[in-house]
Amino acid sequence: MLMVENIFEKMLKKTRIFKNRDVLRHSYTPEYLPHRKEQIETLASLLLPALQGETPSNILIYGKTGTGKTATVKFVGKQLEEASRKFDAHCVIHYLNCEIIDTQYRVLASLAKTLGRNVPMTGWPTDQVYEEVKRAIDSRDQTVIIVLDEIDKLVRKGDEVLYSLSRINSELRRARVSLIGISNDLKFKNFLDPRVLSSLSEEEIVFPPYNAEQLQDILAQRAELAFYEGVLEDDVIPYCAALAAQEHGDARKALDLLRVSGEIAEAEDADKVTREHVKMAIKRIETDHVVEAVKTLPTQSKILLYGIILLHENGKRKMTTGEVYAVYKILCKKIGFDVLTQRRVSDLISELDMLGIINSIVISKGRYGRTREIRLDVPIKPVKEAILDDYRLEALRDMEKFIRSHLTLEFFD
């Protein structure tokens, strides 16, 4: 009888690249944060009153993506909780990602649940949830530090919850609350009520971008934990660091490049991770970002983009707004969607251009006026699949041949 080797056993016999790939993920908080000593000490000094039974100031933290803001706050928060147990000063750090928990109700309900209150994520009056939060916080002598990561996402939907939380201390008898807001966007303060702004931004910490040398140190520290010894060629870390330094010193980009490079090498059953693997990783990451952007597009924009893809696949590398609109109308009618006006579709084209999904330039037609010349600027296959993954647009897959046969031949001269 033929014995078939277990597929997982077979994979485990391959060359081992990763010792622990999770240390290269954004969610990992290392035991030591290179080149953030100043920010760590500043944040710790501002939170020190929590260990002395006093109320720490509210803090706003700024910096571009990948400058170590979240990692620093989590690192300092973990150390504060450890110190509070040692010194019998009860401190609780409650971390919220406002990209996910993005409404006043959700913020309060999440707080209540963390503090042991049985509050549903929808359904109660907001005032009732706030009272539950207040009672839970004030149930003992403690300091609750609420971290609102990507606070700008919350503010865009209103600052009522910030107004309430920034004033909650005046309603507490035993406990204390401090807010830490983290943002990539300095301008988000423009959306705040002046009263909220004055109470929220008592202290501010700015995180500068990393340079290439600093990124190398960060990658070297993580690589030691992530990879088996000797699997990285010498120029891989400097190359990843140099590329990320061009992207405003983004440590997340550097870590993603290193991790994906390792995954590509692993898939190839290679003995080492090389510079070529990094080049392949760049393309894969860029494609992944584009696909994620396409998945979040409004349905009408997806239909429009699908029409541009059909034109491109049929040899039309440069197309006008009129040609794109003609195909868009055919698609809408065949799958039962309302047809937007050409002016509105022109706005959608501008939005796709801003996202980098297409390239469009306005060209003069002399006495015939001006038109826009559109070119596709994304990998077609994954983008097309991302559009067709939308259950509302599944019908496009079956109709593709029919649609192509009904596109006027003038498009493809």
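Quick look at the values:
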{"read-out": "Cα centroid separation - the stretch 323-347 against the stretch 66-97, whole Å", "value": "52"}
{"read-out": "Ratio of the Cα radius of gyration of the stretch 47-179 to 2.2 N^0.38 Å, where N counts its residues", "value": "1.02"}
{"read-out": "Candidate lysines for bridging to Lys19, where Cα separation is under 19 Å - those fewer than 8 sequence places away on the same chain excluded", "value": "Lys10, Lys272"}
{"read-out": "Hydrodynamic radius (Kirkwood) for the chain, which is based on Cα pairs only, to one decimal in Å", "value": "25.2"}
{"read-out": "Nearest-20 debye value, the chain charge dipole, Cβ charges on Lys, Arg, Asp, Glu", "value": "1200"}
{"read-out": "Largest to smallest accessible area among Met399, Met121 [probe 1.4 Å]", "value": "Met121, Met399"}
{"read-out": "Members of Lys157/Lys253; Lys283/Lys329; Lys318/Lys381; Lys253/Lys318; Lys69/Lys113 lying beyond 24 Å, as alpha-carbon distances in this model show", "value": "Lys157/Lys253; Lys283/Lys329; Lys253/Lys318; Lys69/Lys113"}
{"read-out": "Max mean-square fluctuation residue, GNM over the chain, Cα-Cα springs under 10 Å, options Asp390, Asp22, Asp398", "value": "Asp398"}
{"read-out": "Cross-link pairs Lys74/Lys295; Lys189/Lys295; Lys37/Lys78 - those with Cα-Cα distance over 22 Å", "value": "Lys74/Lys295; Lys189/Lys295"}
{"read-out": "For the chain, with +1 on Lys and Arg beta carbons and -1 on Asp and Glu, the positive-most of Ile361, His277, Thr72 along the dipole", "value": "Ile361"}
{"read-out": "Expected 222 nm ellipticity per residue - DSSP helices of 4 or more, -39500 (n - 2.57), all of the chain, to 500", "value": "-15500 deg cm²/dmol"}
{"read-out": "Per-residue SASA entry for Lys19, accessible area with 1.4 Å probe, Å² rounded to 10", "value": "110"}
{"read-out": "Which of Phe75, Phe191 is most accessible, then next, and so on - probe 1.4 Å", "value": "Phe191, Phe75"}
{"read-out": "Most to least accessible of Met319, Met280 (protein chains only, probe 1.4 Å)", "value": "Met280, Met319"}
{"read-out": "Which of Phe87, Leu200, Trp124, positive extreme of dipole for the chain (C-beta unit charges)", "value": "Trp124"}
{"read-out": "The chain: most fluctuating residue of Thr65, Thr55, Thr341 per GNM, C-alpha cutoff 10 Å", "value": "Thr341"}
{"read-out": "Rounded accessible area of Lys295 (nearest 10 Å², 1.4 Å probe)", "value": "100"}
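The values are calculated or read from the model by the stated rules, or taken from the named source; none is laboratory data. Here the structure is a predicted model, which is why all the values come from computation and not from measurement. As a convention, Cβ positions derive from the backbone with ideal geometry for all residues, glycine included, and neighbour counts pool all protein chains shown. To get the accessible areas, we keep the full protein, side chains included, count just its heavy atoms, and leave off ligands, DNA and RNA. Shrake-Rupley method; radii C 1.70, N 1.55, O 1.52, S 1.80 Å.
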